[in-house]
1. Could you please put Asp165, Asp291 in sequence from largest to smallest accessible area, using a 1.4 Å probe?
2. If you build a Gaussian network model of the chain, linking Cα atoms that sit under 10 Å apart, which residue out of Tyr232, Tyr339, Tyr133 swings the most?
3. Quick one: net charge of Gly180's neighbours, Cβ under 12 Å, K/R +1, D/E -1?
4. Can you tell me what the convex hull of the Cα atoms of the range 149-227 projects to on average, as an area in nm²?
5. Compute the signed sum of charges (Lys and Arg +1, Asp and Glu -1) over the other residues within less than 9 Å, Cβ to Cβ, of Tyr29.
6. Just add up the charged neighbours of Ala271: K/R +1, D/E -1, any other residue whose Cβ is under 13 Å from the Cβ of Ala271.
7. Between Gly327, Gly351, Gly372, where does the largest GNM mean-square fluctuation fall for the chain, given springs only between Cα atoms within less than 10 Å?
8. Please report, in debye to the nearest 20, how large the charge dipole of the range 165-205 is about its Cα centre when each Lys and Arg carries +1 at its beta carbon and each Asp and Glu carries -1 there.
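The values are calculated or read from the model by the stated rules, or taken from the named source; none is laboratory data. Since the structure is predicted, the reported quantities are computational estimates derived from the model, not experimental observations. A quick note on method: Cβ atoms are made from the backbone with ideal geometry, for glycine too, and the neighbour counts reach across all protein chains shown. These accessible areas exclude ligands, DNA and RNA; they are computed on the full protein's heavy atoms, side chains included. Shrake-Rupley method; radii C 1.70, N 1.55, O 1.52, S 1.80 Å.
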Amino acid sequence: MNILVIGSGGREHTLAWKLAQSPLAAKLYAVPGNPGMAEVAECIPGVDICDNAALVRLAQDKAIDLVVVGPEVPLTNGVVDAMNAAGIKAFGPTKLAAEIEGSKSFSKNLMKKYGIPTAKYEVFTNADDARAYVEKEGAPIVIKADGLAAGKGVVVAMTLDEALDAIHEIMDDAAFGQAGSRVVIEEFMAGEEASLLAFTDGKTIVPMVSSQDHKRAYDGDKGPNTGGMGTYAPAPVMTKELVAEAVEKILKPVIDAMAKEGRPYKGCLYAGLMITDDGPKVVEFNARFGDPETQVVLPLLESDLVKIMLACVDGTLADLDIAWSHGAAVCVVMASGGYPKSYQKGFAIDGLEKAKAAGTLVFHAGTAAKDGKIVTSGGRVLGVVATAEDVKQAVDKAYKGVAAISFQDAFYRKDIAHRALERLQKN
């Protein structure tokens, strides 16, 4: 089969790496791809991934049998609908179904309607009304831009001033453009966060290995929110019982709800969960694989990813047995100095081969090729991933890989998987 991966980040590199392991994958393409993906796929730069007509033409030119969509923007832009209309199989939700991520107010209203556990909330299009609500409710409180904001449009405000500043930034200053013209304000949920991704064909749901992301930029979960500074899987907070509860009370009901709403959902559904004293509650839904969750979940997948994706597209997921490794995986993100605010680009990256020789996987997130060298070109530059029998061994191995790599102003968190390691020490 000829397979096309849309996207250029660490998630897409991981997807391409895993798809390339399938005997069904004859030829892999990536648009636009990145230097890491070029090791397993032919990269095609210069095509706008938001231009559905151009993507369909590309898929037809390359006789693509399966399109795999990485980022959320092409999904909410209807690329799956465009591929389906052209008779090309595509893994991911349609435009209507992708609204579960594209609009937080849609997602929250859906959960309210169908009794899916989540935080209490209100939706505002007027900044003064939003401020009045926050002053009435007090802090801590959570402010979210309604639309897509590359994982950064959420502020967990621990004080009233932080909440008011967030409303000013999102609504008055339009820091996230149209995405912030409407905000969702939620009650603060106490607990530990976890991510549970699932494959679905619109009827059957198969949860993946649970994971936990580290959103804050600095050690000790301090600093601004980022797209994610690292992950590990499985997350010990998600016991077998809690996974089963999340599937029964959250994943199955939301897939059923989407079908009832005339928005049948196929692809990967990402549930960001808060494990509260009352059980798991939804923080957010995403319409695609998480980044950097994918970097730890897919290395633990033992089954053929191409077969799974085809089953999701064809509605035959119930016929598959999906196997996972019993080990653990850890991803440490190496970022550009200054991220998630402004940062410089174009610094040469050294030690990539040395890191691979140390037994780690290195997934490119923000890199480019220049004058025969790999250079930095994004905020999150690399995801250094290790698998091992347990999380402690995986952490040690991942940081050995990180130590082998260098570029100017590189920074990374040194406490990835700290919650899992704390649990191990207690036990």
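1. On the way: Asp165 100, Asp291 30 Å².
If we order Asp165, Asp291 from most to least accessible, we get Asp165, Asp291.
2. Among Tyr232, Tyr339, Tyr133, the largest GNM mean-square fluctuation belongs to Tyr133.
3. So the surrounding residues net to 0.
4. Answer in nm², one decimal: 7.3.
5. +1
6. On the way: positive: Lys249, Lys252, Lys281, Arg288; negative: Glu101, Glu193, Asp213, Glu245, Glu248, Glu284, Glu293.
For residues surrounding Ala271, the net value is -3.
7. In the Gaussian network model the winner is Gly372.
8. 340
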